[in-house]
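A.B. asks: Below you will find the structure I want to go over with you.
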Amino acid sequence: MFPAGQSRIRDADLHRLTERRTAFCMNPDVLIVGGGIGGTMLAALLSRGGKRVLIIERAKGPPAFLRPEILWPRAVDTLFSLESREFWERECVRAAGGIVLDNSGKLTPVVTPELFGRAGVLPFFENPNATRETLLGICGAEVRRGIEVLAVRARDLAAGTEMEIEAAITIGDDGAESRVRAGCGIAMELRAFPMEFITRGVSWPSAWPVDVVRIFLPRRRLSGGLLALAMFPLRGGKAACLAPVVTGSVDEALAADFAELLAGAAEVPEELRAVDFPQSFTRIGRKWGHAPRYGCDGAVLLGDAIHPVSPAGGQGANMAIADAVALARILLAGAPDPAAALERERRAANERGVQPTRLTSRFFRLSRIPLLGSLPGLLIPLVLRSDAMRIRALRRLAGWQESAAWCLPRLTV
Ligand SMILES: Cc1cc2nc3c(=O)[nH]c(=O)nc-3n(C[C@H](O)[C@H](O)[C@H](O)COP(=O)(O)OP(=O)(O)OC[C@H]3O[C@@H](n4cnc5c(N)ncnc54)[C@H](O)[C@@H]3O)c2cc1C
């Protein structure tokens, strides 16, 4: 699909490829494999810059489960550069109003609007399914769904037929197990994050503030592997629950932990009390790493395809958007080696974005050593108690994935 050196194809070949592309769809300038937040953002910026873009996405629709996502201000500004704030707020995003801890029955506001103000950082909560669907709808690219890229070929999942699609440049936004990355011959060490994430949607309790996250913490370490449970308010009266658990924890033990956690909580919504945990939730494992190269001749990678991370610190989607902004600028400027240019601009910032995952992974492993098991219980309250520490943490998380050169490309429309 992205024969290295596509740009070196002879004229006669180019003519043949052009005909084949027209037969498939529309003779794209840029082919994007994967319609995640990075690929769709890139498509939107390139389309507005006058490029014809084709997105090939394996999934026929959004995932059936709901999970939360935090976007930091630069990423949110980028969304708002495509459509108005009101547009995005209608369905997908909501400005964060704070975080309240329910620490075994004691309610403590740990982040407040005043703290966001002092930090100069206003994050947004979003429904990632709605944001990606909206981006797919407005990006201006031709979108083909239900087609899986195999290696140098693609397969229509409905018809079972295989096809070849070719473009001058192929972009891999196809996640941690990227086929495009494999096609570039880039070997990458993927490490398993030691926690899994159990997630589902419920209704947001009408009596609770509509923009404040609620985190339930247990009094003592729970024996079955449940570490905490967070409820994020989303648009449309919904909430996304997210529970980090020790990888490999068994369902029965988690169910017992869940009952114990809720029994000690100050306020538990009825719906949450009634859910079947963890059976009615979706369990997600994450792998992480940072690719040694960002592409090859004819192909460039972005987002999770080059730096998959855990949800720690809320970095992955923000990094994917930052990559898209940089890559759009590079492609619109016609840079001769876009993969190298993207790597020059983004590697250091992406390395900072991977850092929370690396640190959490190490810290977690340390905390499982019997004598060091009380570390999280000692350190987390220390960090949360100090205003200065919380402000510093917010600023670092908001700025970690940013590169100095983050600015939107100049667009023709
Ligand atoms: C529980 C959870 C919570 C998270 N919370 C946050 C958060 O708060 N903040 C944050 O910034 N990040 C968060 N993340 C991480 C974030 O979701 C990812 O880093 C981000 O989605 C990566 O975007 P992407 O565009 O690179 O790729 P992806 O979103 O992984 O998209 C890849 C797309 O490619 C498609 N695809 C894959 N293979 C093929 C193929 N062969 N052919 C065709 N299509 C293919 C897939 O169907 C998918 O749609 C969280 C992740 C999880 C799991």
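All of the numbers you see were taken from the coordinates with simple rules; none came from a lab. Quick caveat: nothing in here was measured; it's all calculated off a predicted structure. Here Cβ is always computed from backbone atoms with ideal geometry, including for glycine, and neighbour counts include all displayed protein chains.
A.B. asks: Once the Cα atoms of helix 37-48 and of the chain are each reduced to a long axis, what angle between those two axes, in degrees from 0 to 90 to the nearest 10, is obtained?
C.D. replies: Around 40 degrees separate the two axes.
A.B. asks: Gap in Å between the Cα centre of the stretch 262-280 and the Cα centre of the stretch 321-369?
C.D. replies: Using only Cα atoms to place each centre, the spacing works out to 37 Å.
A.B. asks: In sequence order, what are the phi-derived ³J(HN,Hα) couplings for the stretch 210-217 according to the Karplus relation 6.51 cos²θ - 1.76 cosθ + 1.60 with θ = phi - 60°, rounded to whole Hz, with x for glycine and proline?
C.D. replies: 6, 10, 10, 6, 10, 10, 9, 10
A.B. asks: Below 8 Å between Cα atoms, with a sequence gap of 6+, how large is the relative contact order for the stretch 80-230 in percent?
C.D. replies: Relative contact order of the stretch 80-230: 27 percent.
A.B. asks: State, as an integer percentage, the relative contact order of the chain based on alpha-carbon contacts under 8 Å between residues 6 or more apart.
C.D. replies: Relative contact order, the chain: 22 percent.
A.B. asks: With unit charges on the beta carbon (Lys/Arg positive, Asp/Glu negative), name the residue among GLY172, ALA255, PRO356 whose Cα is farthest towards the positive pole of the charge dipole of the chain.
C.D. replies: PRO356
A.B. asks: Tell me the angle of helix 251-263 to the major Cα principal axis of the chain, expressed in degrees between 0 and 90 and rounded to the nearest ten.
C.D. replies: 50
A.B. asks: Follow-up. Pull up all non-local amide H partners of MET195: gap of 5 or more, or a different chain, and H-to-H distance under 5 Å with H placed in the peptide plane.
C.D. replies: Distant-sequence amide H within range of MET195: THR247.
A.B. asks: Can you compute the charge dipole magnitude of the stretch 191-286 about its Cα centre, using +1 on each Lys and Arg Cβ and -1 on each Asp and Glu Cβ, nothing else charged? Give it in debye, rounded to the nearest 20.
C.D. replies: 380
A.B. asks: Taking a cut-off of 27 Å between Cα atoms, list the lysines near LYS106, but don't count ones fewer than 8 places away on the same chain.
C.D. replies: Here the lysines satisfying the reach criterion relative to LYS106 are LYS238.
A.B. asks: Still on this structure, I have one more. How big is the Cα convex hull of the stretch 191-286 in projection, averaged over all directions, in nm²?
C.D. replies: So the mean shadow area of the Cα hull is 6.2 nm².
A.B. asks: Tell me, how many Å apart are the Cα centres for the stretch 160-205 and for the stretch 36-80?
C.D. replies: The stretch 160-205 and the stretch 36-80 have Cα centres separated by 14 Å.
A.B. asks: When you take every Cα atom in the stretch 255-375, what is the radius of gyration, and what is Dmax, the widest Cα pair distance, in Å?
C.D. replies: Just the Cα atoms of the stretch 255-375 yield Rg and Dmax of 20.2, 61 Å.
A.B. asks: Here's something else I'd like to know. Calculate, in nm to one decimal, what VAL383 and SER223 gain on full extension: separation in residues at 0.36 nm each, minus their alpha carbon distance.
C.D. replies: Working it through step by step, the gained length comes to 55.1 nm.
A.B. asks: Let me ask something additional. Sum -39500 (n - 2.57) across every DSSP H segment of at least 4 residues in the chain, then divide by the residue count to get the 222 nm mean residue ellipticity, nearest 500.
C.D. replies: That calculation yields -11500 deg cm²/dmol at 222 nm.
A.B. asks: Related question: What does the charge count near CYS241 come to, summing +1 for each Lys or Arg and -1 for each Asp or Glu among other residues with Cβ under 15 Å from its Cβ?
C.D. replies: -2
A.B. asks: For all pairs of alpha-carbon atoms in the chain, what percent lies in each bin of width 10 Å, listed from the first bin to the last filled one?
C.D. replies: 5, 21, 31, 24, 13, 5, 1, 0
A.B. asks: Looking at the stretch 26-82, which trypsin sites (Lys or Arg not before Pro) are in a loop (DSSP not H, G, I, E or B) and have at most 10 other Cβ atoms within 10 Å?
C.D. replies: Hits after loop and neighbour filter: LYS60.
A.B. asks: While we're looking at this one, here's another question. Once you have the Cα-Cα distance between ASP276 and ARG368, take 0.36 nm times their residue separation minus that, and quote the gain in nm to one decimal.
C.D. replies: Here the segment from ASP276 to ARG368 would lengthen by 30.3 nm.
A.B. asks: Follow-up question, since we're still on this one. Measure nothing but the geometry: give the 0 to 90° angle between the long axis through the Cα atoms of 128-138 and the longest principal axis through the Cα atoms of the chain, rounded to 10°.
C.D. replies: So the inclination is approximately 30 degrees.
A.B. asks: Further, regarding this structure: Straight-line reach from LYS287: which aspartates and glutamates fall under 15 Å, measuring Cα to Cα and dropping same-chain residues less than 8 apart?
C.D. replies: Leaving aside aspartates and glutamates fewer than 8 places away in the same chain, those within reach of LYS287 are ASP174, GLU177, GLU189, GLU196, ASP304.
A.B. asks: Follow-up. Show me, for the stretch 88-97, the HN-Hα J-couplings you get by feeding each phi into the Karplus relation (A = 6.51, B = -1.76, C = 1.60, θ = phi - 60°), rounded to Hz, glycine and proline as x.
C.D. replies: Computed from phi, the couplings for the stretch 88-97 are 5, 5, 4, 10, 10, 10, 8, 5, 6, x Hz.
A.B. asks: Apply the Karplus curve 6.51 cos²θ - 1.76 cosθ + 1.60, θ = phi - 60°, to the phi angles in the stretch 110-126 and return the couplings in whole Hz, x for Gly and Pro.
C.D. replies: Values, residue by residue: 9, 10, 10, x, 5, 5, 4, x, 5, 6, x, 10, 10, x, 10, 8, 9 Hz.
A.B. asks: Give me MET389, MET231, MET41, MET188 ranked fewest to most by other Cβ atoms within 10 Å of their Cβ, as a rough exposure proxy.
C.D. replies: Result, fewest neighbours first: MET389, MET188, MET231, MET41.
A.B. asks: Provide the packing ranking of 215-227, 312-324, i.e. peptides ordered by the mean count of other C-beta atoms within 10 Å per residue, highest first.
C.D. replies: Ranked from most to least packed, the peptides come out as 312-324, 215-227.
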